[in-house]
Amino acid sequence: MMTDRESSDEEGDHENLIPQNARPNDAVKSPNHRSPFAFQIADDFRSRVRRFNKVYLLTIFLPMVILLLYFTTDAKNLFQIRLPVPRDVEDSNNPSINRMREAELRALYLLKQQELELLKMLKNSTLINDSANLTNTSSSSNGDGLHSLSSSTLADLQARVARQISLNEQIQGSLLSSHESGDVSLDSNVSFSGWNSRCRKADPKFSQRRTMEWKPKSNKYLFTICLSGQMSNHLICLEKHMFFAALFDRILVIPSPKVDYEFHRVLDIDHINKCVGRKVVVTFDEFAENRKHHLHIDKFMCYFSLPQPCFIDDSHVKKLKSLGLSVGKITAVWKEDVKHPKVRTAKDVLAKFSTDDDVIAIGDVFFANVEREWVMQPGGPIAHKCRTLIEPSRLILVTAQRFIQTFLGRDYVALHFRRHGFLKFCNAKRPSCFYPVPQAAGCINQVVEKANTPIVYLSTDAAESETGLLQSLVSWNGKSVSIVRRPSRNSAEKWDALLYRHRLDEDPQVEAMLDKTICALSSVFIGSSGSTFTEDILRLRKDWRSASSCDEYLCQGRVPNIIAEDE
């Protein structure tokens, strides 16, 4: 049963309903109807209150937001259009970068001043050197002390100054690269040709040569006999025999391969005749053909009497006789010891050895000390139209050039590093010339630095244990230097094809002459003191005008830092 409240409420609701088909006026006439104007006024009032509240809140908070934005935001940047700014413009506004740029410009100014002073030094040293060469004096009256320096010291100074100028320009270029676009090149208007390296070509002074004509009589001969040492000794002996032959107006007879080395494999015999312009040397076979009815040494006059006449033993006499050559009595014309040779002149020799006999011999003259300056001068003592009379054959020369083109290039240091049997030989001398490998490497490093080239050609008889250690110790500018040796024959390599085709390969004497030739063509040469192999290379370098002011003996002027005791 519903309560009274629930009944009355339900009825009230039904009374407030408007029938579906009722007209509006019918509803108005309902006894429980309220006026619509009262609801409208109330609604309008509430709407106005809400609008007032919104305006009030906006009025209060909007100024606060504006003030907050004003104090926390840069209005200029907020409404400014930002365009890309070049990097240099940005940097120009950076004080630290500006200070760095100022320092760079100051450094450039100081470097330029230094460069100018170095150029003055370089030019002044050149003038002093030229003046010293003209006056040939070792002192100067201007008090600057530079005239007292040797020409080699001046060349060293010039090279060092030139390198400092080059370094100066590199630093300037590096600093300018941050200010300029693209590559920066500096030109000091000075040519450094010949100054970048302290090793200039030595002047052989060919114009001052003292020469004599070699005009032999067609039926007069001097028979060459060379016994001491190996091939290099024999070549020096042959050169001295040529001097004696020219003095005596005789044709020189080259020894037979049966009693001496096969000279025709390493030398071009006919080259000598072409250079002199007449027949001045003949092979033994030619001599035998010309003298087939009288193959005899008419007079055997000995230059050396000790330790035995003509420095010849019975074994060699037997070899000569085996050629069908008869030998007369061997006699000494004066007292001369190979261990203590006297200084002799051309007049001394002519006075003792002049004879009208057709064929003469004077024995081994390797140790002869006759007109040394004349004989040893660049180009030799005999007038000729070539660079030198005794030089490697054409095949060996071209092969050496091909090797250089393949492995070395134009600029390289050549080293003759004599070791086998050299320890005892050198220690018998005072001072010794046998250096420990580390000390030798230090000396080589100094020459490589002066020569300004990072490659060394090595001619040596040393064991691999020594050459391997040497390779590990030789360096230049903090980097290891390549040490090159002639490789074993390889059919894929063509640099030695000429020797192979002419069956000259694997001949020890040909290989030795090839090594000499490569060393003789180098930019700078380091030799072994006391070695005739080295001396023959130095002779070729003088004659070929390839000698350098930096050529020297290994560790020249130094004493080995340790010397073993005698046995």
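Overview of values
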{"quantity": "Amide H contacts of S393 (H built 1.01 Å from N, under 5 Å, at least 5 apart or other chain)", "calculated": "L267, D268"}
{"quantity": "FRET efficiency, 1/(1 + (r/R0)^6) with R0 35 Å, evaluated for K329 and A497 via beta carbons", "calculated": "0.10"}
{"quantity": "For the range 214-345, Kirkwood radius (reciprocal of mean inverse C-alpha pair distance, Å)", "calculated": "15.5"}
{"quantity": "Accessible surface of the range 193-276, 1.4 Å probe, proportion on carbon and sulfur as whole %", "calculated": "44"}
{"quantity": "Residues R410 and K347, FRET efficiency given R0 of 35 Å [Cβ-Cβ distance, rounded to 0.05]", "calculated": "0.15"}
{"quantity": "Phi-based couplings in Hz for the range 520-528 (Karplus 6.51, -1.76, 1.60; Gly and Pro marked x)", "calculated": "5, 8, 6, 5, 9, 10, 10, x, 9"}
{"quantity": "Whether the range 393-446 is rounded, prolate or oblate, judged on the alpha carbon gyration tensor where a/c under 1.5 counts as rounded", "calculated": "oblate"}
{"quantity": "Rounded to the nearest 10 Å², the accessible area of F367 at probe 1.4 Å", "calculated": "70"}
{"quantity": "Ranked by how many other beta carbons lie within 10 Å on average, peptides 544-555, 266-277, 343-354 from highest", "calculated": "544-555, 266-277, 343-354"}
{"quantity": "Accessible area of the range 226-309 divided out per residue, in Å², using a probe of 1.4 angstrom", "calculated": "38"}
{"quantity": "Calculated from backbone phi, Karplus (6.51, -1.76, 1.60) coupling profile of the range 274-286 in Hz, x at Gly/Pro", "calculated": "5, 5, 6, x, 7, 6, 10, 10, 9, 6, 4, 4, 5"}
{"quantity": "Whole-number accessible area per residue in Å² for the range 423-541, which is evaluated in the context of all protein chains at 1.4 Å", "calculated": "45"}
{"quantity": "Global form of the range 345-442, assessed from the alpha-carbon gyration tensor, a/c cut-off 1.5", "calculated": "oblate"}
{"quantity": "Built amide H within the under 5 Å cut-off of V484, gap 5+", "calculated": "V456, Y457, L458"}
{"quantity": "Convex hull per residue volume in Å³, alpha carbons only, for the range 399-549", "calculated": "122"}
{"quantity": "Exposure of Y412 as accessible area (Å², to 10), given a probe of 1.4 Å and all protein chains", "calculated": "0"}
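The values are calculated or read from the model by the stated rules, or taken from the named source; none is laboratory data. Since we're looking at a predicted model, the values are computed, not measured. When we count neighbours, we look across all protein chains shown, and the Cβ atoms used for this are built from the backbone with ideal geometry, even at glycine. The accessibility values were calculated without ligands, DNA or RNA, using every heavy atom of the protein model including side chains. Shrake-Rupley method; radii C 1.70, N 1.55, O 1.52, S 1.80 Å.
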